[in-house]
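Taken together, the values in this text are just the output of simple stated rules run on the coordinates, not laboratory data. Predicted model only: the values in this text are computed from it and were never measured. We place every Cβ from the backbone using ideal geometry, glycine too, and count neighbours over all the protein chains shown.
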Amino acid sequence: MSGTPEERMRLTLALRRAGVTDHRVLAAMEATPREAFLDRAFRDRAWEDTALPISCGQTISQPSVVGLMTQALEVGPRCKVLEIGAGSGYQAAILARLARRVWSVERHRALARRAREVLEDGLGLSNVSILARDGTLGLPEQAPFERIMVTCAAEDVPGELLAQLKPGGVMVLPVGQSDEVQQLIRVRTDAAGRPGYEELAPVRFVPLLEGVAAEPGG
């Protein structure tokens, strides 16, 4: 994290107030420099608990939401994780510090390229792959996954992704019919693969969209 010790302490307190208490999650966030994922104009605000703009009209989520979603996913060191919606790569970097292997799918090619550069060249994380793909399809060739995180809102829990979740696995995602009313949901499957659902918190995310976005000028 950037900022002064006081600013870093303020963010840590904000995370704890939001309910992020898992020491592994807090340590992973403290070890991940959020400024590396921001444009130069916003790097001095990296320590703030607020969403900030990134390219392609997207945002980097506020740290407290990242922390809550990561904590809810219950990632262990042997987990194989799928993330839908890499964005800046910030969430993927935190997951990579907790999991055995992370696959992250992003529909904007420019974001995928930038996230890949930051994660591999900037942070030296070798257990995470960023792919420019249609996130609604998941990554069937790498399935099943012990954990799946979706960082964009679906109207309902996508069956295509649920089918790629291993029995006994966990999926965390925002669900809502509009960008005004969304709930963060945790899906936990039993040994037979049957899902159970738990509402965690109201949230607001960009929608989960089909396809790969066209590049400017393409």
**Report entry** For peptides 76-89, 18-31, sequence by mean Cβ density within 10 Å, most packed first
**Finding:** 76-89, 18-31
Report task. Pop a pseudo-label 7 angstrom from the Cα along the beta-carbon direction at both GLU215 and GLU155 and give the gap in nm to one decimal. Result -> 3.1 nm
Query raised in the report: ARG188 to GLN62: FRET efficiency via 1/(1 + (r/R0)^6), r the Cβ-Cβ distance, R0 30 Å, to the nearest 0.05?
Result: 0.75
Report task. Would you mind classifying segment 1-127 by shape? Square roots of the alpha carbon gyration tensor eigenvalues, ordered a ≥ b ≥ c; an a/c under 1.5 is rounded, otherwise it is prolate if a/b is larger than b/c and oblate if not. Result -> oblate
Report task. Just grab the label-to-label distance for SER55 and ALA31, each label 7 Å out from Cα along the Cβ direction, in nm (one decimal). Result -> 2.8 nm
Query raised in the report: Based on DSSP H runs of at least 4 residues, each adding -39500 (n - 2.57), what is the mean residue ellipticity at 222 nm of the chain after dividing by all its residues, to the nearest 500 deg cm²/dmol?
Result: -6500 deg cm²/dmol
Query raised in the report: In a GNM of the chain with a 10 Å cut-off on Cα contacts, which of LEU200, LEU119, LEU68 has the highest mean-square fluctuation?
Result: LEU200
